[in-house]
1. Pick out the one residue from Asp89, Asp97 that is closer than 21 Å to Gly63 by Cβ, in contact (Cβ under 8 Å) with a residue 40 or more places away in the chain and under 14 Å from the mean Cα position of the chain (by Cα).
2. Restricting to the range 45-61, count the residues that are modelled with pLDDT under 95 and under 18 Å from Phe106 (Cβ atoms).
3. Please specify each residue of the range 128-146 satisfying the condition of being aliphatic (A, V, I, L, M) and without any contact (Cβ under 8 Å) to a residue 24 or more places away in the chain.
4. Tell me the residue from Met42, Met35, Met64 that is at pLDDT below 90, under 22 Å from Arg110 (Cα atoms) and not acidic (Asp, Glu), please.
5. Would you tally the residues in the range 82-129 being in contact with an Asp or Glu (Cβ under 7 Å, 6 or more places away or on another chain) and of a type in the set (A, V, I, L, M)?
6. Give just the number: which of (1) free of Cβ contacts under 8 Å to residues at least 40 places away in the same chain; (2) under 25 Å from Arg155 (Cα atoms) does Ala125 not satisfy?
7. Might you let me know whether the range 105-116 holds any residue that is at pLDDT below 95, in contact with a Gly (Cβ under 7 Å, 6 or more places away or on another chain) and under 19 Å from Val38 (Cβ atoms)?
8. For the range 72-90, give me each residue that is small (Gly, Ala, Ser) and either surrounded by 14 or more Cβ atoms within 10 Å (Cβ to Cβ) or part of a loop (DSSP other than H, G, I, E, B) (or both).
Amino acid sequence: MFDKLLGKWRGQSHDQQRPRTAPNDRSAYPSMPDMPKVRPEMANFDVVDGILVATALQARLIGMDSADLVETILAEVDSNGEVSNVIVDLENIEFMDSTSLGMLVFLNNRLQIIEGRLVVVNAAATLEQMFKITQLDRMLPVCRDVMKAVAILNRAHAA
């Protein structure tokens, strides 16, 4: 029943519905976006005082690019077994969409699982305003520079 409703919602008649496939087989759904991938060209990474600093390199962070960035950051955290706190430096980002905000929340939640924290730094004035409007600044600290973020994370770790 649900498949029929979903088919009608997609504008398909019952006989045009896609065949059932295995859960990971994406061939029956060509319009479905790809899974996030690790793309090292999306960010530069440094470790400052035991904290991973990820500097995003693109000017616009939208759609799947934000998922790829988060996947790349998580892969870097995983490869560097001693790091659990992350600073995301947005100095190059001029525009972010709502997907990117959601991906930052997702990254924060994943870091909390390993008892880590996320801090955002160098957000442009428009992005900082977006963090305030969405009240995301209550969940994620937003700082002007990396060293202030390092101090916040070290203070939280010491407590």
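The values are calculated or read from the model by the stated rules, or taken from the named source; none is laboratory data. As the structure is a prediction and not an experimental result, all values here were calculated from the model. Positions of Cβ are generated from backbone atoms using ideal geometry, with glycine treated the same way; all protein chains shown enter the neighbour counts.
1. On the way: Asp97 fails: in contact (Cβ under 8 Å) with a residue 40 or more places away in the chain.
So the residue among Asp89, Asp97 that is closer than 21 Å to Gly63 by Cβ, in contact (Cβ under 8 Å) with a residue 40 or more places away in the chain and under 14 Å from the mean Cα position of the chain (by Cα) is Asp89.
2. 1
3. Correct list: Ile133, Val142.
4. Working: Met42 fails: at pLDDT below 90; Met64 fails: at pLDDT below 90.
Criteria check complete, one pass: Met35.
5. Total meeting the criteria: 2.
6. Just one mismatch for Ala125, condition (2).
7. No, the conditions are met nowhere in the range 105-116.
8. Ala75, Gly81, Ser84
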